[in-house]
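The values are calculated or read from the model by the stated rules, or taken from the named source; none is laboratory data. Just so it is clear, the model here is predicted, and its values are computed rather than measured. Backbone-built Cβ (ideal geometry, glycine too); neighbour counts: all protein chains shown. Side chains are part of the model used for accessible areas, which takes the heavy atoms of the whole protein and leaves out ligands, DNA and RNA. Shrake-Rupley method; radii C 1.70, N 1.55, O 1.52, S 1.80 Å.
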Amino acid sequence: MLTKIINPEHITRFKEWLNECKKFVIIAHTNPDGDAIGSSLALYHYLRYLRKNAYVIMPNQFPDFLKWLPGADNVMIYPYLTDAANKRIAEADVICCLDFNRLDRVDEIAEQIRDSKAKKVLIDHHLDPEQFADITISHPEQSSTCELLYRFLCDLGYYYKMSTTVATCIYTGMMTDTGGFTYNSNNPELFFIVSMLLQKHVDKDLVYRKVNYNFSASRLLLQGQVLTGMVVLPEYHTAILTLTKEQQQKFQYSKGDSEGFVNIPLQIKEVIFTCFLREDTEKDMVKVSLRSIGEFPCNVVAEEFGGGGHKNASGGELLNMDAEMALQRFRKVLEKYKGLLEECYNQHPK
Ligand code: 5GP
Ligand code: MN
C-alpha cells in the first residue's frame, strides 16, 4: 500500500476543476529533462483520456533521447510557436505547472502564466515552492515529479484505467530523475510504484535502452574528449569537466549530447562532488551542472551561480564568460567548501 501524501482537499478541488473545465495547458521547466517531459506527457494523455483539450508547452527544446516518448511530437516548443502557445495559455481554464518550483524556471512563459486568468496547479518536488498557484502540491522528499504525479493520478482514481502509455511516461521520469534508481531512490514505496507500473505493461528494459543506448558515434567521441580534459582535485573530493564551443562544433554537438557527463566523475573513488561547465552556443554564458553524493549540498554552491536545485543535483549559469573563466571562478568558490567537502566525504566514504 502507498502512504497517502497529497492533501485530500487538493484532490477534491482538482476533481471539481476536471468537472468544470475543458482547456488544460501543461508547462514544465526550461531545458526539460526526462522527469519534466515524462510528467507532462503522462498528464497530457490522462487529460486526453478524459476528453479534455490538453496542450503541452515547453520553454525550449528537449533532448533527442526523449523524442520517442508517446506524444512528444505534439509538444509545443515556445520559441518556435510563441503566438500559438500564448493563445493556448491565455485561453486556458487550467494551467498545470510541473517539475519546477519558481516561475523564473520557465523563462518568458512566466509572464504569460502570471497574466493568465486560468486556475493554476503546481505539482513538483523542488524545495521552497513559489506561491503562485491555486493548488500547490509540493513534495521535495519525492524522487521525481513523475512519482508524485503517479500518486496524484491514483488519488484521482485513475490507476485501474491507467494506460501503458501513461505508465511508460511516468516510469521514464522516475528512472531518469534517479539516475536509473541509483540516487534519491531508497524509499521502498518507489519500488512498489515501479511494480504497479510494470503491471500496466511498461517495458522497463526497453525504456532504459531508448534513453541510454540511443547515442550517435560523435556523442561518444565528444564524451571521450571531455573526459580527457577532466580536472580532479583530490584534496576537495571534486572533479570538473568543461565543454567549449569549439569542441561542440568539432563533434556536431546537438542539445542533450552532454546529458549525464556530469555524473561520470562520481565513479572516481575519492570524488563526491562534480561540476560540468558547458559554454552555451546561443547566449554568452556557461551552464553549470553540479552533482554530489551524500550530504554535500550542491544546491548551496549553485546559488553562488544564480541557480539552485536539489541537494545532490543542481545547476546555475555564469554569464559573460567562457569555460576557462568559469573554471577559475568555480575553483575560487570551491575553496570556501573545502572543510565541508572533507567532512561530508568522511561521513559517507564510498
Ligand atoms: P542539470 O544539471 O541536469 O541541468 O540540472 C539539475 C537540476 O538542477 C535541475 O533538475 C534543476 O533542479 C536544477 N537547475 C539546473 N539549472 C538551474 C538553474 O539555472 N537555476 C535553478 N534554480 N536550478 C537549476
Ligand atoms: Mn524532476
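Every test in (1) closer than 17 Å to GLY179 by Cβ; (2) away from ligand 2 (no atom under 16 Å from the Cβ) is passed by LYS269 save one, and that test is (1). Here LYS87 does not qualify as part of a strand (DSSP E or B) and either open to solvent by less than 10 Å² (accessible area, probe 1.4 Å) or away from ligand 2 (no atom under 16 Å from the Cβ) (or both).
Of the residues making up segment 265-317, those that are of a type in the set (Val, Ile, Thr) and not in a loop (DSSP other than H, G, I, E, B) are THR274, VAL286, VAL288, VAL300, VAL301.
To keep it simple, each residue is scored yes or no on (1) surrounded by fewer than 20 Cβ atoms within 10 Å (Cβ to Cβ); (2) in contact (Cβ under 8 Å) with a residue 40 or more places away in the chain; (3) within 12 Å of ligand 1 (Cβ to nearest atom).
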position	(1), (2), (3)
THR281	yes, no, no
ASP284	yes, no, no
GLU295	yes, yes, no
LYS311	yes, no, yes
GLU324	yes, yes, no
ARG329	yes, no, no
VAL333	yes, no, no
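In segment 50-80, of all residues being surrounded by fewer than 18 Cβ atoms within 10 Å (Cβ to Cβ) and of a type in the set (Phe, Trp, Tyr), the one that is farthest from ILE109 (Cα to Cα) corresponds to TRP68.
Going residue by residue through segment 248-256, is there one that turns out to be in a loop (DSSP other than H, G, I, E, B) and at positive phi? Walk me through it before giving the result.
Restricting attention to segment 248-256, the residues satisfying the condition of being in a loop (DSSP other than H, G, I, E, B) are 251-256.
Cutting the leftovers down to at positive phi gives us 252, 256.
The answer is yes, given that some residue of segment 248-256 is in a loop (DSSP other than H, G, I, E, B) and at positive phi.
So if I check each of VAL207, VAL226, which one is modelled with pLDDT of 95 or more and more than 17 Å from ASP33 (Cβ to Cβ)? It would help to see each step written out before you state the result.
Values: VAL207 fails: more than 17 Å from ASP33 (Cβ to Cβ).
That would be VAL226, the only listed residue that is modelled with pLDDT of 95 or more and more than 17 Å from ASP33 (Cβ to Cβ).
Taking first residues from segment 103-121 that are farther than 19 Å from THR145 by Cβ and free of Cβ contacts under 8 Å to residues at least 40 places away in the same chain and partners that are more than 16 Å from ligand 2 (Cβ to nearest atom) and of a type in the set (Phe, Trp, Tyr), the Cβ contacts under 8 Å between residues at least 6 apart in sequence or on separate chains come to ARG114/PHE132.
Of THR176, THR145, THR136, which residue is β-branched (Val, Ile, Thr), touching a Leu at 6+ places or on another chain (Cβ under 7 Å) and open to solvent by 10 Å² or more (accessible area, probe 1.4 Å)? Give the derivation first.
Numbers: THR176 fails: touching a Leu at 6+ places or on another chain (Cβ under 7 Å); THR145 fails: open to solvent by 10 Å² or more (accessible area, probe 1.4 Å).
Just a single option satisfies the conditions, and that option is THR136.
In segment 149-172, is there at least one residue being within 18 Å of CYS97 (Cα to Cα), among the β-branched types (Val, Ile, Thr), buried (at least 19 other Cβ atoms within 10 Å of the Cβ) and within 16 Å of ligand 1 (Cβ to nearest atom)? Checking segment 149-172: not a single residue is within 18 Å of CYS97 (Cα to Cα), among the β-branched types (Val, Ile, Thr), buried (at least 19 other Cβ atoms within 10 Å of the Cβ) and within 16 Å of ligand 1 (Cβ to nearest atom). Within segment 6-45, the residues that satisfy the criterion of being open to solvent by 50 Å² or more (accessible area, probe 1.4 Å) and either of a type in the set (Phe, Trp, Tyr) or more than 15 Å from ligand 1 (Cβ to nearest atom) (or both) are ASN7, PRO8, GLU9, THR12, ARG13, LYS15, GLU16, ASN19, GLU20, LYS22, LYS23.
With respect to the conditions (1) loosely packed, with under 15 Cβ neighbours inside 10 Å; (2) in contact with a helix residue (DSSP H, G or I) (Cβ under 6 Å, 6 or more places away or on another chain), ASP203 lacks only one, and its number is (2). One residue stands out among those in segment 111-133 that are surrounded by 19 or more Cβ atoms within 10 Å (Cβ to Cβ) and outside any loop (DSSP other than H, G, I, E, B): the one that is farthest from ligand 1 (Cβ to nearest atom), which is LYS119.
Would you confirm, using the coordinates I've provided, whether TYR183 is surrounded by fewer than 14 Cβ atoms within 10 Å (Cβ to Cβ) and within 30 Å of ALA42 (Cβ to Cβ)? Write out each step before concluding.
On the way: surrounded by fewer than 14 Cβ atoms within 10 Å (Cβ to Cβ): no; within 30 Å of ALA42 (Cβ to Cβ): yes.
Considered against the rule, which asks whether it is surrounded by fewer than 14 Cβ atoms within 10 Å (Cβ to Cβ) and within 30 Å of ALA42 (Cβ to Cβ), TYR183 comes out as no.
A search for C-beta distances below 6 Å between a residue of segment 258-272 that is farther than 11 Å from GLN223 by Cβ and any residue that is assigned to a helix (DSSP H, G or I) and among the hydroxyl-bearing types (Ser, Thr, Tyr), counting only pairs 6+ apart in sequence or on different chains, returns ILE272/TYR345. Residues of segment 97-147 that are touching a Ser or Thr at 6+ places or on another chain (Cβ under 8 Å), within 16 Å of ligand 2 (Cβ to nearest atom) and charged (D, E, K, R): ASP99, ARG105, ASP124. The helices (runs of 4 or more DSSP H) found entirely in segment 137-233 that carry 1 or more residues being closer than 30 Å to ALA323 by Cβ and among the charged types (D, E, K, R) are 164-177, 217-228. Listed by first and then second residue, the pairs with beta-carbon distance under 8 Å, at least 6 apart or on different chains, first residue in segment 34-56 and away from ligand 2 (no atom under 16 Å from the Cβ), second of a type in the set (Lys, Arg), are TYR49/LYS161; LYS52/LYS22; LYS52/LYS23; ASN53/LYS22; ASN53/LYS23; ALA54/ARG48; TYR55/ARG88.
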